[in-house]
1. Of the residues that sit in region 65-94 and are small (Gly, Ala, Ser) and outside any loop (DSSP other than H, G, I, E, B), which one is least open to solvent (accessible area, probe 1.4 Å)?
2. Taking LEU43 as meeting all but one of (1) touching a helix residue (DSSP H, G or I) at 6+ places or on another chain (Cβ under 7 Å); (2) open to solvent by less than 10 Å² (accessible area, probe 1.4 Å); (3) at pLDDT below 90, write down the number of the exception.
3. Select from region 16-38 the residues that are open to solvent by less than 10 Å² (accessible area, probe 1.4 Å) and under 11 Å from the mean Cα position of the chain (by Cα) and list them in ascending order.
4. I need the full set of residues from region 95-122 which are at pLDDT 90 or above, among the hydrophobic types (A, V, I, L, M, F, W, C), in a helix (DSSP H, G or I) and out of contact with any His (no Cβ under 7 Å at 6 or more places or on another chain), in order please.
Amino acid sequence: MNVKKVLIAVDNSTASEKAARVGYEIAQTFGAEVALVNVIEPLPANVNPDMTLAPVFLETYDNSEDNSHILLKEMEDKYGNGISTTYLSVMDSAAHGIIQQSEEWGSHLIVIGTYGRTGLYHFLMGSVAEHVARKSACPVLIVPNKADV
């Protein structure tokens, strides 16, 4: 397996911290570049009677993008060990955004964490990790939240 580009999907969770740790370890082993991707899921827009977006939505979007870059920087600082890292923040649904960024960046491997939810919540919400694994053009490594890494 020739892994030269590792895409690591992160959010603000322990599951994604574990994925970041594993992803950077794999990148170090293969001498690969890393891209950290954080997907900002869009909030429903409040539309004023004159059909313009409410200012509060634009404020929320700006803050989310700023927070995304802060999160990516923190992950790189914590696990990067000097590995060349690209930051990718995109506003989209989680699974679609990860897959699209992977294709655009040309990743050879996606590393993603999973919460390991089951039952009704899993049935209603689905699993981002499962969706990415089914739709991705490259291999996907799913790091379970229960993993001791």
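The values are calculated or read from the model by the stated rules, or taken from the named source; none is laboratory data. Only a predicted model underlies this, so the values are computations on that prediction, with no experimental measurement involved. Here the Cβ is made from the backbone with ideal geometry for all residues, glycine too, and neighbour counts use every protein chain on show. The area values use the complete protein model at the heavy-atom level, side chains included, leaving out ligands, DNA and RNA. Shrake-Rupley method; radii C 1.70, N 1.55, O 1.52, S 1.80 Å.
1. Here the residue is SER68.
2. Only one criterion in (1) touching a helix residue (DSSP H, G or I) at 6+ places or on another chain (Cβ under 7 Å); (2) open to solvent by less than 10 Å² (accessible area, probe 1.4 Å); (3) at pLDDT below 90 is unmet by LEU43, namely (2).
3. Answer for region 16-38, where residues must be open to solvent by less than 10 Å² (accessible area, probe 1.4 Å) and under 11 Å from the mean Cα position of the chain (by Cα): SER16, ALA19, ALA20, ALA35, LEU36, VAL37.
4. ILE98, ILE99, TRP105
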